[in-house]
Amino acid sequence: MLDKTGVPTIEQIRSRFHDQATLVRPKAILECYENIPCNPCETSCPFNAIHIGEDINQKPVLDPDKCTGCGICVYSCPGLAIIVCQLINQKARFKIPYELLPIPKANEEWIAVDRSGNAIGTATIIKVDCLGKQQKTTIVTVEVPIEKLYEFITIRSPYE
Ligand code: SF4
Ligand code: SF4
């Protein structure tokens, strides 16, 4: 399915998530499904929580015990393939990369979107950080109902 549509299967998505006890604290989710020569996630992590190894074509692997959920890898990944997830108060809280305009503002309600681009409900904007060397990638902290844990991937403006 990934080859034909670019959309991972639910099994692939679940394989990248950590168990719910681990997600009490924020952890990176590496949605990097293919062997490609790339490693900014590994080199940018200040806690050595991401491992690729000598063969740069290998897929990255996260050590959740070392990951603090800081989000540096989120804006360091050129493929926008990393999010951070935490379960908090029956909500799924994510840090996601966002490179479109307008930039959301805290407390706004945006449209939650799945990996196929479909609207799946409402996403509450918690925080917006402009990070990175060129501040090209905004990191948006957003909450969705916990039922959308494996569906949610990004946001869409309700003001278009
Ligand atoms: S969220 Fe921070 S600590 Fe976790 S893997 Fe990414 S850069 Fe490393
Ligand atoms: S930086 Fe992103 S695309 Fe590159 S290996 Fe890491 S997760 Fe995959």
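The values are calculated or read from the model by the stated rules, or taken from the named source; none is laboratory data. The structure presented is a predicted model; accordingly, all values stated were derived computationally and were not measured. Backbone-built Cβ (ideal geometry, glycine too); neighbour counts: all protein chains shown.
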query: Just one of Ile36, Ile52, Ile82, Ile96 is touching a strand residue (DSSP E or B) at 6+ places or on another chain (Cβ under 6 Å) and within 11 Å of ligand 2 (Cβ to nearest atom); which is it?
result: Ile82
query: Which condition number in (1) more than 11 Å from the chain's Cα centre (by Cα); (2) in a loop (DSSP other than H, G, I, E, B) is the one that Leu80 fails?
result: (1)
message: Looking at the range 29-36, can you tell me whether even one residue there is within 9 Å of ligand 1 (Cβ to nearest atom) and of a type in the set (Ser, Thr, Tyr)?
response: no
field: Given (1) within 14 Å of ligand 1 (Cβ to nearest atom); (2) aliphatic (A, V, I, L, M); (3) surrounded by fewer than 20 Cβ atoms within 10 Å (Cβ to Cβ), index of the condition Ile96 fails
entry: (3)
field: Any hit, the range 50-58, residues being small (Gly, Ala, Ser) and over 19 Å from Ile139 (Cβ atoms)
entry: yes
message: Which count do you get for residues in the range 24-54 that are outside any loop (DSSP other than H, G, I, E, B), among the aliphatic types (A, V, I, L, M) and either touching a Cys at 6+ places or on another chain (Cβ under 6 Å) or more than 17 Å from Val84 (Cβ to Cβ) (or both)?
response: 3
message: Checking the condition modelled with pLDDT of 95 or more, outside any loop (DSSP other than H, G, I, E, B) and more than 20 Å from Lys27 (Cβ to Cβ), which residue from Ile111, Ile153 passes?
response: Ile111
field: Only listed residue being within 16 Å of ligand 2 (Cβ to nearest atom) and over 24 Å from Thr5 (Cβ atoms), chosen from Asp63, Asp129
entry: Asp63
field: Matching residues in the range 19-33 - criterion: being surrounded by 13 or more Cβ atoms within 10 Å (Cβ to Cβ) and either over 18 Å from the mean Cα position of the chain (by Cα) or more than 16 Å from Pro78 (Cβ to Cβ) (or both)
entry: Thr22, Leu23, Arg25, Pro26, Lys27, Ile29
query: Looking at this structure, is Val7 more than 13 Å from ligand 1 (Cβ to nearest atom), at pLDDT below 95, under 26 Å from Ile146 (Cβ atoms) and β-branched (Val, Ile, Thr)?
result: yes
task: Pairs only if they're at least six apart or on different chains, beta carbon under 8 angstrom, first in the range 34-61 and surrounded by fewer than 11 Cβ atoms within 10 Å (Cβ to Cβ), second β-branched (Val, Ile, Thr); list them, first residue then second.
output: Pro37/Ile56; Pro46/Ile72
message: If I ask for residues that are in contact (Cβ under 8 Å) with a residue 60 or more places away in the chain and surrounded by fewer than 15 Cβ atoms within 10 Å (Cβ to Cβ), which ones from the range 101-135 would you list?
response: Ser116
